[in-house]
Amino acid sequence: MKDITLQLQNAAASAGRPGPRLLAVSKTQDATAVAELADAGQRAFGENYVQEAAGKAAKLAGRGLEWHLIGHLQSNKAPVAAALFDWVQTVDRPKLVEALARHRPADRPPLNVLIQVNIDDEASKHGCQPDDVPALARTIAAEPRLCLRGLMAIPTPHPDPERRRDAFRRTHALFDALRAGYPTVDTLSMGMSDDYAIAIAEGATMVRIGTALFGARPPKGA
Ligand SMILES: *Cc1c(COP(=O)(O)O)cnc(C)c1O
């Protein structure tokens with residue numbers, strides 16, 4: 001925990017950038033592992049699946065943790081997600097905007113949302129096209145129960161992380177354009193365990209780190 005925090009600060013300092021927020025990606029980790037990081041001062045946790053997050057959030061209720069959805073969200077799970085999460089980083093279509101806004105409980109603050117951009121135009125990937133960001137942003141900004149905070153991107157996982165730099169750079173340019181139009185936009189979520197230093201150098205304000213924090217994930221189905 002201390003190590004990774006220091007490494008993020010070093011990466012930011014050597015790039016002349018402010019230190020990013022750390023999102024601890026806790027998918028497949030149990031509530032005990034999350035609690036240990038929370039004890040060490042970590043507050044924001046990222047989960048890929050609504051059901052899995054619900055279990056952990058219930059076990060750790062009252063600890064003031066901030067839960068982020070970073071996995072693809074099916075519209076039929078939007079009602080549960082709207083009540084459970086503090087942030088949804090994977091908003092990529094108008095139908096989801098509408099469902100999240102409609103189901104955000106009245107007693108909670110507006111749900112923070114990031115637009116997920118399919119920055120490398122991968123057919124297999126979720127996220128909207130870069131050209132669709134302005135229209136989707138307008139749809140989100142028109143919803144009082146949602147708060148548009150910025151963009152999230154996952155570049156093509158090329159084995160050489162340096163090859164992802166251009167995608168980070170293009171995402172940052174989209175982010176700058178978005179920020180110019182919306183005062184609530186302050187978050188650019190990009191960078192994972194093997195490429196966070198490059199993402200930070202290219203302007204990430206939040207990095208999503210799993211394995212570098214928790215160690216290797218248990219294989220699926222184990
Ligand atoms: C799993 C995951 C991460 C973290 O990946 P690591 O390589 O373990 O740091 C970040 N973002 C998303 C969207 C993920 O699914």
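Every number in this text was worked out from the coordinates using simple rules, so none of it is lab data. Since we're looking at a predicted model, the values are computed, not measured. Please note: Cβ atoms are built from the backbone with ideal geometry, for glycine as well, and neighbour counts cover all protein chains shown.
Annotations
- Residue within region 119-128 that is among the hydroxyl-bearing types (Ser, Thr, Tyr) and within 19 Å of residue 53 (Cα to Cα) present: no
- Looking at 21, 43, just one residue is in contact with a Gly (Cβ under 8 Å, 6 or more places away or on another chain) and either within 22 Å of residue 6 (Cβ to Cβ) or among the acidic types (Asp, Glu) (or both), and that residue is 43.
- Of the criteria (1) in contact with a strand residue (DSSP E or B) (Cβ under 8 Å, 6 or more places away or on another chain); (2) near the ligand (Cβ under 10 Å from one of its atoms), which one residue 178 fails: (2)
- Tally, over region 61-82, of residues that are within 25 Å of residue 32 (Cβ to Cβ) and touching a strand residue (DSSP E or B) at 6+ places or on another chain (Cβ under 9 Å): 8
- Among residues of region 186-195, those that are within 10 Å of the ligand (Cβ to nearest atom) and either surrounded by fewer than 24 Cβ atoms within 10 Å (Cβ to Cβ) or part of a strand (DSSP E or B) (or both), counted: 4
- Filtered residues of region 32-43 (kept if within 16 Å of the ligand (Cβ to nearest atom) and either loosely packed, with under 15 Cβ neighbours inside 10 Å or touching a residue at least 40 places away in the same chain (Cβ under 8 Å) (or both)): 33, 37, 42
- Qualifying residue in region 160-175 (condition: of a type in the set (Phe, Trp, Tyr) and touching a Gly at 6+ places or on another chain (Cβ under 7 Å)): yes
- Scanning region 27-53 for residues that are within 15 Å of the chain's Cα centre (by Cα) and assigned to a helix (DSSP H, G or I) yields 50, 53.
- When 164, 208, 170 are checked against the criterion of being within 13 Å of the ligand (Cβ to nearest atom) and in a helix (DSSP H, G or I), 164 stands alone in meeting it.
- Test: residue 218 is farther than 21 Å from residue 73 by Cβ, surrounded by fewer than 13 Cβ atoms within 10 Å (Cβ to Cβ), touching a residue at least 40 places away in the same chain (Cβ under 8 Å) and of a type outside the set (Gly, Ala, Ser): yes
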